[in-house]
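Since the structure comes first, as structure tokens, the remarks are kept for the end.
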Amino acid sequence: MQRGLEATRETVLKHGIEDPGLNSAPALTLPDLGPYPTPNTSAWTAFWNSIYGGNNQLVTWWLDRMTLASYPLNERMTWFWHGHFATSISKVVYPLPMQVQNNTQRKLALGNFRDLAREMVLDGALNFWLDNEENYVESPNENLAREFMELFTLGVGKFTQDDVTSAAMALTGYETTQWTGAVSLNATGHYSKPITILGRTAPFNAQGFAALVVSLRQNANFISDRLWFRFVSSTTSPPPNLAAHFNDRDVASLVNALVRSSAWTNPANALVKSPVEWFVGACRALKVQPSSLNQTNLQWDLSQMGQIPFNPPNVGGWPSGQAWLSGAALQYKFAVAQLVVAAGDLSPLSVPSSKMVQACADWLGVPEWSRRTANSLAAATSNPSEMVTAALCAPEYLVSA
Amino acid sequence: MNDCLMDRRRFLQWTGAGVFAALTTQLSLETLAGAASSSPLPTNTPILVIVTLYGGNDGLNTVVPFTDPNYHSTRSNIALSGSQLLAPISDSLAFNSSMPQINTLYGQNKVAIVQGVSYPNPNLSHFSSMAIWQSASLTGAITSGWIGRWLDLQPHNPFTAIGIGSTLPPLLVGDKSVASMVDLGGIWPPEGSGATILPSLGQPSSSDVPLVASAATSISDLYATSAVLGPLVTKSPSGSFLNEQLSLVATLINANVPTRVWEVNLSSFDTHAGEQEYQNALLAEVDAAIGTFMTSIGSGSRSNDVTVMIYSEFGRRVKSNASLGTDHGSSGPVFIIGNSVKGGLYGEQPSCGSLDVNGNLQVTTDFRSVYGGVLEDVLSTPVGDVIPSWSSTVSVQ
């Protein structure tokens, strides 16, 4: 048993190596669509078709990657950072800078948070999303400065309004090209005199600001807490020593510590699967490539459930827990379950009917069905499609206990 | 329990975030559906409709203190004047010209404007501000929502509080019970492959941990609510997003659905840049949706029962920025609208010339007092039962 657990942990933690599954994931090269064309011309219509088409392709591209990865940790952590540095295409508009950001988060998903924070503070999609292209010395726009400290690195209440004001000055002078996500420094627009941020006085630029906040002990606490919240529990506190595993800001070390903590296997730490997490889990189990499904239906259902990749509701990221458990969401979930099952490989249920219900639990990674669910599913042994459709909507599958 | 599966599932099944528990005794589907359809909301039962404006609405450009010289000098690039304002409602205030219908309702004494509302020492954060407003707790010690706690005091019934959408907002989540959600796309019992099994998965099981039990409840609630509401939600609403939500609420109220609290919302009030253009469009959307809603309600039998409360997590900075926008601020107005409301101005309008250390408006009314008035006047519940050790109320009825 102990050896099995260790082997599982090793598999879970695998990353940074060639991933055979991802080799079969379709590539996506998005064009630079340039600035907005003149309204009400044929170029205008074509432009918006490219925007919406690219947006849909981008979502499908990522769902495929999440599903096809043989070692899913890197995509899983990319998903975490996407929710952490939550940036929405609803304002960025162009899919290309969203993909650029996503690739940066993927490259550094299990790397050093110092690097990720430095890249993110100069990420074009994030800069546009949080109005930094309109942050001027004579009249600072505080949006990026505040959220960078509050939501991305330190947490609420860990800085003052004066720190926000100063940090906004450190972020002046950066110009973003909305359609590519390129960010460049216009030195004449940058405030270069010494300013004081979080007790440190120096001439700060964006990288210096990011390095400062990440160097603070609070940053280790904050990121550890966020990872705990999204991976283990939003109701219990992380073990007191968890942040110590993030002293050098190595994300892989922190994830490693999380997976090896006893809390990892404590059934009291239940989690509700978000719609995308639920969907990708189902696709992985049933060997369904998301791009093979009806995209119109799929993206509509995901949006009705409240979760389309690249379109979080606000800079705070996705909701969590109970928020996902509404009857209204379930009706869309059921429709998606039917979509996935119709395309899925049901061979794991090719067992004697007396063993089908247990085989279904093992297949979907459910530790144990309740008597309620086991009895309900047992009524469908003559129809594996019906059994697994219902199983994907069973309480024990919607929640990981 | 198989530890290996447990372990692997965490990543391979893409598990999401955790939660607080919410569960109470469950009734059978038949009982719930029967109770709802056979038990319409009794005549004259007050109904609360909560409108959440996400992002921090700029109150100063909503109800404009047009005689305050500091209003014009500190935000000269976005200050409203002349034709950008409607006829004054007092010697110092006028509505943004994007709000003609609410202005008219104000003239009919159906709109209470509670001024300068926030919580003590505003921290300027969207998320902690909204958490404070939705939980009615300053410290984060209480994570349940204020309507959720009110719901905890009522007999369990999935119709008592309903949000529009599919994702539960925190204010509708109690310690024991949660509101139901009805999606704009309608609510229907699942059909097709697997559908015959699904109802039985909504039954309680003694082995359920609280979140799994909540998931089961969501299944039974889908059947209970779709049975009653499904046939009522078939009309396709039109207009803006908020208008669609409020049209659905009006339809269901007029159908005597036994619901005491409704929640709808509109996002994108975070106007750091280009504020006039964006905020005016949003306020026009709010105005049109409220106007249509009040007309719909007025045509039914509940016109005197309905109270609408409109709030946002904070107002915005008095001084504008160079991007023609405003950064995060503190207090703002709360609107309470209804035929039974005693219209007018409540509380004190904070001055643009007497700001706090961060350059923000003073807080002149605590939001918990506004909730207190709504809880006692509309929901007939002492405020202290929902907001521990709070007793102050602003009554507008």
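The values are calculated or read from the model by the stated rules, or taken from the named source; none is laboratory data. Everything quoted here is computed from the prediction, not taken from an experiment. Cβ: placed from backbone, ideal geometry, glycine included. Neighbour counts: every protein chain shown.
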Worksheet item: Given the conditions (1) closer than 20 Å to B:ILE50 by Cα; (2) in contact with a helix residue (DSSP H, G or I) (Cβ under 7 Å, 6 or more places away or on another chain), and given that B:CYS352 satisfies all but one, which numbered condition is not satisfied?
Response: (1)
Discussion item. Residue under question is B:GLU263, and the condition is that it be under 16 Å from B:GLY163 (Cβ atoms), in contact (Cβ under 8 Å) with a residue 40 or more places away in the chain and of a type in the set (Asp, Glu); does it hold?
Written reply: yes
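Suppose we keep only residues that are hydrophobic (A, V, I, L, M, F, W, C) and over 18 Å from B:MET309 (Cα atoms) within region B:359-386. Which one would you say is surrounded by the most Cβ atoms within 10 Å (Cβ to Cβ)? Let's see the steps before the verdict.
Initial filter on region B:359-386 (hydrophobic (A, V, I, L, M, F, W, C)): B:361, B:363, B:367, B:370, B:374-375, B:378-379, B:383, B:386.
Filter once more, keeping what is over 18 Å from B:MET309 (Cα atoms): B:361, B:363.
Details: B:LEU361: 28, B:VAL363: 21.
Out of the qualifying residues, it is B:LEU361.
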Response to the item:
Matching residues in region A:230-252 (more than 14 Å from chain B (Cβ to nearest Cβ), buried (at least 16 other Cβ atoms within 10 Å of the Cβ) and not hydrophobic (A, V, I, L, M, F, W, C)) number 4
Item to complete: Run A:ALA202 past the list (1) within 25 Å of B:ASN358 (Cα to Cα); (2) crowded, with 17+ Cβ neighbours inside 10 Å; (3) aliphatic (A, V, I, L, M) and report the number of the one that doesn't hold.
Response: (2)
Response to the item:
Screening B:LEU124, B:LEU41 for residues that are within 14 Å of chain A (Cβ to nearest Cβ), at pLDDT below 95 and crowded, with 18+ Cβ neighbours inside 10 Å leaves only B:LEU124
Discussion item. Give me the residue from region B:188-219 that is in contact (Cβ under 8 Å) with a residue 60 or more places away in the chain and more than 7 Å from chain A (Cβ to nearest Cβ) and, out of that set, nearest to the chain's Cα centre (by Cα).
Written reply: B:THR217
Practice prompt. Scan region B:295-336 residue by residue and report those that are over 26 Å from B:ASP68 (Cα atoms) and touching a Leu at 6+ places or on another chain (Cβ under 6 Å).
Written response: B:THR307
Worksheet item: Can we say B:SER28 is farther than 26 Å from B:SER118 by Cα, of a type outside the set (Asp, Glu), out of contact with any helix residue (DSSP H, G or I) (no Cβ under 9 Å at 6 or more places or on another chain) and modelled with pLDDT under 95?
Response: no
Worksheet item: Can you find a residue in region A:268-281 that is crowded, with 22+ Cβ neighbours inside 10 Å, among the aliphatic types (A, V, I, L, M), touching a helix residue (DSSP H, G or I) at 6+ places or on another chain (Cβ under 9 Å) and in a helix (DSSP H, G or I)?
Response: yes
Worksheet item: What are the residues in region A:253-262 that are touching a helix residue (DSSP H, G or I) at 6+ places or on another chain (Cβ under 8 Å) and either more than 8 Å from chain B (Cβ to nearest Cβ) or of a type in the set (Gly, Ala, Ser) (or both), if any?
Response: A:SER253, A:LEU254, A:VAL255, A:ASN256, A:ALA257, A:LEU258, A:ARG260, A:SER261
Item to complete: Would you check if there is a residue in region A:302-322 being surrounded by fewer than 20 Cβ atoms within 10 Å (Cβ to Cβ) and over 20 Å from the mean Cα position of the chain (by Cα)?
Response: no
Practice prompt. Give the residue that is farthest from A:VAL59 (Cα to Cα), with candidates limited to residues of region A:101-145 that are of a type in the set (D, E, K, R) and modelled with pLDDT under 95.
Written response: A:GLU138
Worksheet item: Restricting attention to region B:153-170, and to residues there that are under 18 Å from the mean Cα position of the chain (by Cα) and away from chain A (no Cβ under 11 Å), which single residue is surrounded by the fewest Cβ atoms within 10 Å (Cβ to Cβ)?
Response: B:THR160
Worksheet entry | Residues satisfying the stated conditions in region A:124-148, i.e. over 21 Å from B:SER268 (Cα atoms) and either among the charged types (D, E, K, R) or buried (at least 23 other Cβ atoms within 10 Å of the Cβ) (or both) | A:GLU138
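This table checks each residue for (1) assigned to a helix (DSSP H, G or I); (2) under 18 Å from B:PRO382 (Cα atoms); (3) aliphatic (A, V, I, L, M).
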residue	(1), (2), (3)
B:SER129	yes, no, no
B:ILE132	yes, no, yes
B:THR143	no, no, no
B:TRP150	yes, yes, no
B:PHE159	no, no, no
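This table checks each residue for (1) within 14 Å of another protein chain (Cβ to nearest Cβ); (2) under 20 Å from the mean Cα position of the chain (by Cα); (3) under 26 Å from B:HIS272 (Cβ atoms).
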position	(1), (2), (3)
B:ILE310	no, yes, yes
B:GLU313	yes, yes, yes
B:SER320	yes, no, yes
B:ASP327	yes, no, yes
B:GLY347	no, no, no
B:SER354	no, no, yes
B:ASN358	yes, no, yes
B:THR364	no, no, yes
B:VAL374	no, yes, no
Worksheet item: Restricting the search to region A:29-60, which residues are hydrophobic (A, V, I, L, M, F, W, C) and free of Cβ contacts under 8 Å to residues at least 40 places away in the same chain?
Response: A:ALA43, A:TRP44, A:ALA46, A:PHE47, A:TRP48
Worksheet entry | Of the criteria (1) in contact (Cβ under 8 Å) with a residue 24 or more places away in the chain; (2) closer than 30 Å to B:LEU201 by Cβ; (3) out of contact with any Phe, Trp or Tyr (no Cβ under 9 Å at 6 or more places or on another chain), which one B:GLU275 fails | (2)
Practice prompt. Taking only region B:171-187 into account, find how many residues are in contact (Cβ under 8 Å) with a residue 12 or more places away in the chain and surrounded by fewer than 20 Cβ atoms within 10 Å (Cβ to Cβ).
Written response: 4
Item to complete: May I ask you to say which residue of A:GLY306, A:GLY321, A:GLY317, A:GLY281 is without any contact (Cβ under 8 Å) to a residue 60 or more places away in the chain and either among the charged types (D, E, K, R) or at the interface with chain B (Cβ under 10 Å from one of its Cβ atoms) (or both)?
Response: A:GLY306
Worksheet item: Is one or more of the residues making up region B:269-281 more than 28 Å from A:VAL164 (Cβ to Cβ), buried (at least 21 other Cβ atoms within 10 Å of the Cβ) and at pLDDT 95 or above?
Response: no
Worksheet item: Among the residues of region B:129-151, is any more than 14 Å from every other protein chain (Cβ to nearest Cβ), farther than 25 Å from B:LEU283 by Cα, surrounded by fewer than 22 Cβ atoms within 10 Å (Cβ to Cβ) and of a type outside the set (S, T, N, Q)?
Response: no
Response to the item:
Residue pairs within 7 Å by beta carbon, gap of at least six or interchain, first lying in region A:360-389 and at the interface with chain B (Cβ under 7 Å from one of its Cβ atoms) and among the small types (Gly, Ala, Ser), second part of a loop (DSSP other than H, G, I, E, B) and surrounded by fewer than 18 Cβ atoms within 10 Å (Cβ to Cβ), listed first then second, are A:SER370/B:SER207; A:SER385/A:LEU346
Item to complete: Could you tell me whether any residue of region A:354-361 is on the phi > 0 side of the Ramachandran plot and of a type in the set (Gly, Ala, Ser)?
Response: no
Worksheet item: For A:ALA170, which of the numbered conditions (1) away from every other protein chain (no Cβ under 14 Å); (2) closer than 25 Å to B:SER320 by Cβ; (3) under 25 Å from the mean Cα position of the chain (by Cα); (4) among the aliphatic types (A, V, I, L, M) fails to hold?
Response: (3)
